[in-house]
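J.: I have a structure I would like to understand better, so I am pasting it below and will then ask my questions one at a time.
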Amino acid sequence: MPDSNAPLVGIVMGSDSDWPKIRSVAAALEEFGVAYETRVMSAHRTPEVVRQYATTAAARGLKVIIAAAGGAAHLAGVVASHTTLPVVGIPVPTDVQGGLDSLLSTVQMPGDVPVATVGVGTGGARNAGLLAVEILALADGRLQEKLSEFKQKLTEKVAAKDAALQAKLGGEGM
């Protein structure tokens, strides 16, 4: 019987300084009860570590890998080149136009090496976690149910904000 606490998602980042910028990916996974592991490795400084991690990920039970990197941001692409698992790239914000360099490096993958890329910043990191949950939910009815509840709560939250705004405006916006 599989270990229910075994990680299903691998989160890798190019530097430990990336963690504060992408911590919301872990929070999203925790919200849905998805176990994950977290590692620091560099596509440029430790390419053999990246290769070893990616080539053994599926055998170790991982189902999705999330790779975060800034600047040249090649980590997600290198991981994707060594695995058949889905890879989600998080472009980490940098001083270059808020992370535009990271975004372009992550999203501009050559044909045949897919990397799903989310936005720069904490919203993007959270979306990476949610995308991993959606991928896992394809084969997990419990996660499908949790996602449906999550989406319903989002709908209710927006409706409540609209009602509050309408009450505040008192009809003047009509």
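J.: Extension gain Q97-E48, at 0.36 nm per residue separation less the Cα-Cα distance, in nm?
T.: 14.5 nm
J.: 7 Å from Cα along Cα→Cβ at both A59 and K168: what's the point-to-point distance in nm?
T.: Those two pseudo-labels are separated by 5.7 nm.
J.: Antiparallel DSSP bridges in region 9-139: what percent, to the nearest 5?
T.: Percentage antiparallel, nearest 5: 0.
J.: Which order do the peptides 28-39, 12-23, 142-153 take when ranked by the mean count of other beta-carbon atoms within 10 Å per residue, highest first?
T.: On the way: 28-39: 16.8, 12-23: 18.5, 142-153: 13.1.
Output ranking for 28-39, 12-23, 142-153: 12-23, 28-39, 142-153.
J.: To the nearest 20 Debye, how big is the dipole of the chain about its Cα centre, given +1 on the beta carbon of each Lys and Arg and -1 on that of each Asp and Glu?
T.: 80
J.: Label points 7 Å out from Cα along the Cβ direction at T122 and V107: separation in nm?
T.: Label at T122, label at V107, 2.2 nm between them.
J.: When the Kirkwood hydrodynamic radius is evaluated over all pairs of different C-alpha atoms of the chain, what value in angstrom, to one decimal, is obtained?
T.: The Cα-based Kirkwood calculation yields 17.1 Å.
J.: Between beta-carbons, use under 14 Å as the cut-off and find the net charge around L165, counting Lys and Arg +1, Asp and Glu -1.
T.: Spelling it out: positives minus negatives among the neighbours equals +1.
J.: Distance in nm between label sites at F150 and E30, each 7 Å beyond Cα in the beta-carbon direction?
T.: Going by the 7 Å Cα→Cβ label model, 1.5 nm.
J.: Which pairs, out of K21/K168; K63/K146; K146/K168, put more than 25 Å between their alpha-carbon atoms?
T.: Long pairs (Cα-Cα over 25 Å): K21/K168; K146/K168.
Rule-based calculations on the coordinates, nothing more; no lab input. In this text, all values refer to a predicted model and were calculated from it rather than measured experimentally. So basically every Cβ, Gly included, is an ideal-geometry build from the backbone, and we count neighbours across all protein chains shown.
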